[in-house]
1. Output the residues belonging to segment 1-33 that are under 16 Å from the mean Cα position of the chain (by Cα) and away from the ligand (no atom under 16 Å from the Cβ).
2. Considering each residue of segment 102-145, count those that are within 15 Å of the ligand (Cβ to nearest atom), in a loop (DSSP other than H, G, I, E, B) and open to solvent by less than 70 Å² (accessible area, probe 1.4 Å), and give that number.
3. Any idea which of (1) without any contact (Cβ under 8 Å) to a residue 12 or more places away in the chain; (2) assigned by TED's automatic domain parsing to the domain that holds Lys13 is the one Ala188 doesn't satisfy?
4. Quick one: how many residues across segment 71-101 are in a strand (DSSP E or B), under 14 Å from the mean Cα position of the chain (by Cα) and away from the ligand (no atom under 15 Å from the Cβ)?
5. Out of everything in segment 178-196 that is of a type in the set (A, V, I, L, M) and surrounded by 17 or more Cβ atoms within 10 Å (Cβ to Cβ), what residue ends up being farthest from Ile16 (Cα to Cα)?
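The values are calculated or read from the model by the stated rules, or taken from the named source; none is laboratory data. Predicted model only: the values in this text are computed from it and were never measured. We place every Cβ from the backbone using ideal geometry, glycine too, and count neighbours over all the protein chains shown. Side chains included, ligands, DNA and RNA excluded: accessible areas come from the protein's heavy atoms. Shrake-Rupley method; radii C 1.70, N 1.55, O 1.52, S 1.80 Å.
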Amino acid sequence: MFHYEDIRIAIGKGRILEQLVPRWLEAKFPWPLEPKSRQLWFAGSHQGPGAMIVRGPDVATLVARGAADIGIVGTDLVVERGAQDILQVGDLDLARCRVVLAGMSEKRPDGPFLVASKYQRITRDFLQRHHLQADIVPLSGSLELAPLIGLAPYIVDIVETGETLRQHHLIEIETIMLAHACLIANPAHWRAKPEVVAIRDRLVQHLA
Ligand code: PRP
C-alpha cells in the first residue's frame with residue numbers, strides 16, 4: 001500500500017498540462033482542480049500525488065532541488081538544461097513536437113547570420129555540429145516575430161502542428177530534435193521513496 005500524501009509532482013504549463021489532465025484521470029489519480037482554475041497546486045492524498053503547475057523550464061529546477069519528487073516536462077527542456085542533477089525515468093506519449101530551424105525561405109543560411117531562440121544550448125550545439133557561424137538572440141517566447149520585425153532572419157523554436165509558423169509565413173528548414181513529454185525524478189527521492197517509482201510505473205503504463 002503506497003502513501004502518496006507527501007509526494008509532489010511538478011507539471012509544465014501549456015501544451016503538456018492540457019494534454020496530460022484527461023490521461024491523468026484515466027490513470028485513476030485524482031485531479032481536484034476545476035478545468036479553468038487558476039490554482040497552481042493541490043495536495044497529495046492517499047489516492048494520488050499532489051501537483052504543482054509551473055513553467056516548463058522550472059520543472060527541472062523544482063525536481064533537482066527536491067521541492068518536487070517527480071516532474072513532467074518536455075525532452076527539449078531536459079536537453080536544454082543539460083543537467084546531471086535529475087534522472088530521466090520515463091517517456092510519455094504526450095506533447096510530441098520538434099525543435100526546428102525556421103526562416104523566411106527554405107534556404108539554409110550560408111554566411112554568418114542571426115538566429116533568435118529560447119534554446120541557447122540546443123542552438124549552439126546545432127550550429128557547432130553543422131559548422132555554422134551565428135549569433136544567438138535570446139528571447140523567451142513569441143519567436144515567430146523575430147524575422148518579421150527584422151530582429152533575426154532565423155529562429156530555432158518548437159513546432160507541433162506548424163500552425164504558428166504558417167500564420168507568420170515562416171518555413172521549416174531543418175529538424176534539430178524530436179521532443180515529447182518525459183518523467184524526471186529527483187535522484188535521492190527516486191532511491192528512497194517507493195511511491196515515486198510506483199507513480200512512474202502507473203503513468204508510463206497509461207501514457208506511453
Ligand atoms: C510554442 C512555440 C510556437 C508554438 C508552436 O509556443 O514557441 O509558438 O508553440 O506550436 P504549433 O506548431 O502547434 O503552432 P508555446 O505555446 O509552447 O509557448 P511558449 O512560447 O511560451 O513556449
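1. First, the residues of segment 1-33 that are under 16 Å from the mean Cα position of the chain (by Cα): 9-21.
Residues satisfying the conditions are Ile9, Ala10, Val21.
2. Number of matching residues: 5.
3. Only one criterion in (1) without any contact (Cβ under 8 Å) to a residue 12 or more places away in the chain; (2) assigned by TED's automatic domain parsing to the domain that holds Lys13 is unmet by Ala188, namely (1).
4. Taking segment 71-101 and keeping what is in a strand (DSSP E or B), we get 71-74, 87-91, 97-101.
When the remaining residues are screened for being under 14 Å from the mean Cα position of the chain (by Cα), the result is 71-74, 88, 90-91, 97-99.
Checking which are away from the ligand (no atom under 15 Å from the Cβ) leaves us with 71, 88, 90-91.
Here the count works out to 4.
5. Val196
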